[in-house]
Each structure stands twice: as structure tokens, then as C-alpha cells.
Amino acid sequence: MSHQPSTIDHPPFAAGERRVIIRSVGMKKIYQRGAETTHALRGVDVEIYTGEFISVMGPSGSGKSTFFNMIGALDSPSEGRVFIDEVDVAQLTAEELAFLRCRKIGYIFQSYNLIQYMTALENVTTPMAFGGVTPDEARKRGMELLDLVGLKTRWFHRPIEMSGGQQQRVAIARALANNPSILLCDEPTANLDHKTGDEILTILQKLNRERGVTIICATHDHRMMNMCDRLMWIRDGAIERIARRDEVEVQLASIE
Amino acid sequence: MKTIDVQPQPLLGFARTLRIALSGVKYRLFRALVTVAVITVAMAFLMNILAESLIKMTVAATAKDQIAEMRLVDRWIARLSIPPTTAEIIASAARAGEPAELENLRTLGQLDDTELARLQELAAAADTYLTFFNDLNYGRRRVLVGSAESTAIFDRLQDPATRETFFARLAEMKTVRFVTETDTFDAWLNDWPVLRAYTERIREGQAAAIRTVQDNLNGRTLMQSLRAAEGPFGEVIRDAGFNLSPAEAEHLSAKVGAVADTALIEAAMNQADIRQAIAARLDILPGDVTPSRLWSLLGDREHAAWYIGVMNEKGFAASGWQPDDVIALADSRARAQLLKQAERATMETGGGLMGIGQRMTWLAFVSMLVCAVGIANAMLMSVTERFREIATLKCLGALDGFIMTVFLIEASILGLVGGIAGTVMGLVIALLRMLGLFRGLLLESIPLAALVSASLLSIVIGVLLAAISAVYPSLRAARLAPMEAMRIE
């Protein structure tokens, strides 16, 4: 069973054994719009390990989004290669890409992106349906996931009836639908107030610690930096700096 | 290194896809209703013209025979008054649908079997040639046969030099296709004097017969005499050489009687006293008394009895009339009016799809096209509006095929709903309109099977139209990059 959790019982980062789950080699992205050429990424080499919690930072226009699209198998690089779980993304067919997005990666968006006409439970079970899970099994697992994010009693609510924090929690449950190894979060707390942001971060941290899910998180949130394993800064389409948290803790302390 | 366990993603089952498409439609109900309205209007238009045309065609077929019977009197009056033209004789010989008519030609022209067969054969050819020359535009006909018209063309072409010029010019006209081989026409033209001689004989025979009949009128009008067509005057007609069977004679005399009685009743109405009496009974001004008002009054037994009394009183020969006779006259007059109206209304049916005519077919096609553009636009808007939703679904593992199917299903549902609504609407409007136009005649000749197939056709067209219009929008949706989901508005 390919979509069985490969990382769920995996020892966390600190336990020593770690494996590269995402690797990019000389990743470049060039956008050609008319005569104008934009170098969104100018050759990024990065390795992300299983069970790691990594924060990605960078100003807008830095190539952060492009980087996210590449390592999330949503776009293909102009040059260089991206490996997810040692699979070269460029080699995959459309169907295999869909399979990969469905089961290997969970996406969490800044604006939640729940399907408006579906209930919370339907939102969570949709990726399972795509993955071929039977409706009964999907419902059962969907309820478990909603329970995990603390929304079991609100399974029948539509996104419009929920607060931002609740919507984002449903989105997290949805991202976990097929037990992905990787969670790709694009500023998950940007649209939330401080308290609800905290709740989301707690859930993410729990997932990372207890389930060993690799979390890659674009953020400007300083609280996030406090809980991640590594921090990564992108500027002008290149990695400016990658550092372990303990290396930057001093600076963070000085900021706060 | 980990073994590659990535597999192709399976396509979601149709039932699930349908459910997702349906909930999408439900969520955007208002938008969907607007699109449905566009389809409804277009399909109602199509169904309306289809249904009206089908009904008209059936009514026309029903009315045709009855109208022919209704004109029996006119036909006999004409036949007994004026000898026919050559073209008329050719036309009736070429049609030869009714044996009685052919028999008429035989007796009037004193033709034997071989001659009659020859007449038919030559007349049939003449008929096609005449149609050809009639349909030719003026300039071309002028070049080919000068100012000659109808059968005079054939006379003109008897001259060898003229005929040679004719064929030469015909060969030059590249765009004109002659109805037969030119050699056949040439040979037929040589036979034209034979046909002409036959028609002359028939015409002279009929002229003589008309003289005999006219001589036996004994000072009465032809109409008055025809009232006795079942009796001695029928003998006179038969003796003169017309083919009038006893059954037809009886029928004819009854019809003539009805015509005369109708005329008498309407004549009585025009008398000042009677008119005032009618006006008083109808509670209207005397000037507003019209034949149709009178006849609708006479449909009632009590009024009919009263009117017979009034007529007798004022010296109109209505003694011995029963109210039922008058009611029957009123009914047959109403029927005749209805048939005439039906004939007028159905004059231009035929041609194109289900008899709606070329022009209407074109119009229907254009309206379908406009509708298709409307649906495509609505679907494109729907796709644009749902960019993020589509991209998110793709992030969750949806295949292009799934997205495409969702949008095609959505459009088909709208097409189905709009198609059914439009078809029902168009059909109801058509039935009501036709009921107003043909009244009782409609109920006698409702083309049920044809209407059912037209309805099915229009529903299918509605669904196909919507589905086809949605192909491009669906393709756009399917091709959308999943990274659009990351975009923040």
C-alpha cells in the first residue's frame, strides 16, 4: 500500500535517523513574458529531511512562492531537478503527479481554499475520494481527522458558517486526508488573529512531533520560528541563508 | 534509495463526479437559473416553430380533402361555363389522379384507349417542361423563347430555325440545367402537334357540351338548374358528354341547395325590417349585424325557429324549413370558414426541418448559435469565478478529466433543465396558438407521435447545445495550473 503512512511511526528529527524527502538540484525558474525575462529562481539546492519542521522566509517577489510551487510538485523548474521521496517530479505523467499531490503532500493555503459548497466533512473526504477510498471508510477517517483538529461536532457546517480559524483547521484536516508525508503551508496564520494563529501552530507542531510529518511553512510569524527546526531565507531567487533554530535564537531574542 | 511507488491516479467514479457537479450547481443556483433561462428561451423558440409547423402540416392535409369537396360547386359551375385552356387540359391530364377526371377528358374529346394513354404520356412531359419555363427568370426566358408564354412556347419552337437557336442558346447557359436531355425535348417537340390536336378536340368537345347544357337551362340560371342535378338536369349534363356519376350528382345538388339557402338567409338579413329585428334580439345596432353574427345566432335552435318564422313572414321562401336545417347550415358555414382559415394559415408550410421552411430553419439555427454563445459565456464566467476552487481540487489530486467532466456535467444539467422547460413552454404556446387558429380542426388532427419526437429532439438539442458550448470552458478549467490555488486575491 503506497499511501500507507511512511513517516507516522518514523522517529522524529532528533532521534538521529533521517532521510532526505525533498531535494532540489540546481533548481531554476525563468518566466518569459513577451520580451521580458524574469529569473524567479536562480539555482536552488536544498535538502529537506523527513520529520523536519522548516520555515521559509522572504519578502514578496523573492521567489518564495515559486520555490513552494516547485517543491510542492505544482510546477516544473526550467532547469535543474526536484526529487520528492527520491522520485524525479519531471519524470511523472499527469496521472502520477495527481497521485503524488493526492497522497504524498498536503497543502495548506493562506486563504484556506475550502470548497464553498461542501460541508467540513465533505471537504475532508474529497481527497480521499480522489485517492480511491470507499465512502464509508472516508467518512470514518474524516471524522477522526476533524476530531484531531477539534471540530468533530461541526462536521456538517459549510465554510461560510465557520470562523477563519475553524476553516483553517478544516483545511489542515483535509491536508491530512491521505496521510501525507509532507505538509506544505503557505502563510497559514497570516489571515488569523493572534489567538487562533496559536491554535493552528499548536496543531501543526503536534502533527510534526507526534506523527513525524515533514512541515514546510512559508511564514512571517515569529512564533513559528520558535518551534521550527530550521529556518530558511530566500532573496532574489536564491537561498540567502539556512540555519538551525539554535543558531538564530540569540537574534530572535534580541528582536523580541 | 526508496523504490518508486508512484502510480497513476484513478479517475473518480461517475456517481461521485455527478454529486460534486450537482452540489456545485446548487451552490450557484442563481447563476445556473440565468443560464437555464437562456437555454429555455432558445429551446422554446425552436420547439414552438417545430410544433406549429407539424400541426399546420397535419391540419393542411386534413383540410385539403375537405376543401376540395367544399369547392365541388365552384368546380362544376366553371366546368359548365367556360371551356378550359390548353394548359388547363394538359395539367388535368398530367395529374390524372382522379379516374373521373380522366373519364371526362375521354368522353369530351372522344378519345380511344390508345389516344388517352398517349395524351397522358405527352401531357406529363409537357407539364414538366411548362414548370421549367415558368420557373425560369424573365431575362433567361426572354433569351430562350422570346415573349412566348405557356404552351405558346411549344408552338414557337415548331419552327426549325427558332428551335435550333433555342438549343444553341440553352447550351450556352452554363448555369441552367434543362429538366430532360435536350434530345428528348427535341423529340417531344415533334410530338407536340399531336398533343395539341388532342387538347383541341377536348376543348371543342367541352365547348359543344357547354352549349348543349346552356341551351337546356330553360331561362333559369345555372345555379338554379344545378339544384336539380340529381334529377333531369343531371341527365342533361350527362347527355352533353360530362362525366357525372349519380352519387356525385346527388351530392352536387345538395351542396347547391345549401349554397342557395345560405344566400337566401343572408339576403333576408339585409332587409331593413329583419335586420332591425335581429339587432333587437342581439341587443346591438342594426348597422353591426354581420353575417357571422347572424350565423352564430342561428346556431341556436330557438333563434333558428324564430328566424324561419320571420323569413316566412317577410316573404322569403322558407316554408317547410326546420330549425335543424338552419343549424346544419350554420355548422357547415362555420366549418367552411374554419377550413378556409386553415388553408390560408397553412399556405406556406413545408420545406426545411420538419416543414418549418428554409427561412425558419436558418432563423432557428442562428438562435441556437446565439444561445450557444450565451452558454459558453456563462460557463467561461463560471470557470473564471472558480479558478481557485479548481486549482485547489487539482492540488487535492483531481485529474484534468475529472474537472472537465464536472463542467460538462454542469452544462448538461443546465441544458437538460432548460431543454425540458423550453420544450414544454414552446409546446404549450404552440398548442394554444394553433387552438386559436384552427379550433375544432386542431383536435381532429393533432400529430401526437410527431410532436413527441419533436419534443425529444428539442430536449436532446438543448443538452447537446449546452454540452458542446461548454467544451472550451471545460478545457480551460481542466488545463488550469494547480499553483493558481496559491494565488491570493
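The values are calculated or read from the model by the stated rules, or taken from the named source; none is laboratory data. Everything numeric in this text was worked out from a predicted model, so none of it was measured. Virtual Cβ from ideal backbone geometry, glycine too; neighbours counted across all protein chains shown.
If I ask for residues that are within 7 Å of chain B (Cβ to nearest Cβ) and of a type outside the set (Phe, Trp, Tyr), which ones from region A:78-102 would you list? Hits for region A:78-102 are A:Asp85, A:Glu86, A:Val87, A:Leu92, A:Thr93, A:Ala94, A:Glu95, A:Glu96, A:Ala98, A:Leu100, A:Arg101, A:Cys102. In region A:150-256, counting only strands (runs of 3 or more DSSP E) that sit wholly within it, the ones holding 1 or more residues that are surrounded by 23 or more Cβ atoms within 10 Å (Cβ to Cβ) span A:182-186, A:214-218, A:230-235. Taking the criterion of being within 14 Å of chain A (Cβ to nearest Cβ), touching a residue at least 12 places away in the same chain (Cβ under 8 Å) and outside any helix (DSSP H, G or I), would at least one residue in region B:372-387 satisfy it? Checked region B:372-387: at least one residue is within 14 Å of chain A (Cβ to nearest Cβ), touching a residue at least 12 places away in the same chain (Cβ under 8 Å) and outside any helix (DSSP H, G or I). Of all residues being of a type in the set (Val, Ile, Thr) and within 14 Å of the chain's Cα centre (by Cα) in region A:103-115, which is nearest to the other protein chains (Cβ to nearest Cβ)? Just the residue, please. Looking at residues that are of a type in the set (Val, Ile, Thr) and within 14 Å of the chain's Cα centre (by Cα), I get A:Ile105.
Taking region A:117-134 as the search range and keeping residues that are within 21 Å of the chain's Cα centre (by Cα) and either facing another protein chain (nearest Cβ under 7 Å) or of a type in the set (Ser, Thr, Tyr) (or both), which one is nearest to B:Ile20 (Cα to Cα)? In this case the residue turns out to be A:Thr126. For region A:39-79, a tally of residues being touching a helix residue (DSSP H, G or I) at 6+ places or on another chain (Cβ under 9 Å) and without any contact (Cβ under 8 Å) to a residue 40 or more places away in the chain returns 4.
Matching residues to (1) surrounded by fewer than 17 Cβ atoms within 10 Å (Cβ to Cβ); (2) of a type in the set (D, E, K, R); (3) modelled with pLDDT of 85 or more:
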position: B:Arg71; (1), (2), (3): yes, yes, no
position: B:Arg75; (1), (2), (3): yes, yes, no
position: B:Ser92; (1), (2), (3): no, no, no
position: B:Ala96; (1), (2), (3): yes, no, no
position: B:Ala100; (1), (2), (3): yes, no, no
position: B:Leu122; (1), (2), (3): no, no, yes
position: B:Ala126; (1), (2), (3): no, no, yes
position: B:Ala148; (1), (2), (3): no, no, no
position: B:Arg169; (1), (2), (3): yes, yes, yes
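Of all residues in region B:32-39, one or more are aliphatic (A, V, I, L, M), under 30 Å from B:Glu348 (Cβ atoms) and more than 12 Å from chain A (Cβ to nearest Cβ). Restricting attention to region B:274-297, the residues that are in a loop (DSSP other than H, G, I, E, B) and either exposed (fewer than 13 other Cβ atoms within 10 Å of the Cβ) or under 38 Å from the mean Cα position of the chain (by Cα) (or both) total 4. Anything in region B:5-18 that is surrounded by 14 or more Cβ atoms within 10 Å (Cβ to Cβ) and within 22 Å of B:Val383 (Cα to Cα)? List them, or say none. Listed by number, the residues that qualify are B:Leu11, B:Leu12, B:Arg16, B:Thr17, B:Leu18. Regarding region A:73-92, can at least one residue be identified that is more than 18 Å from the chain's Cα centre (by Cα) and under 23 Å from A:Ala129 (Cα atoms)? Checked region A:73-92: at least one residue is more than 18 Å from the chain's Cα centre (by Cα) and under 23 Å from A:Ala129 (Cα atoms).
No other residue among A:Glu144, A:Glu137 is closer than 21 Å to A:Gln205 by Cα and without any contact (Cβ under 8 Å) to a residue 12 or more places away in the chain apart from A:Glu144. Scanning for something under 30 Å from B:Val373 (Cβ atoms), part of a loop (DSSP other than H, G, I, E, B) and at pLDDT below 90, does region B:26-33 turn up at least one residue? Yes, region B:26-33 has at least one match.
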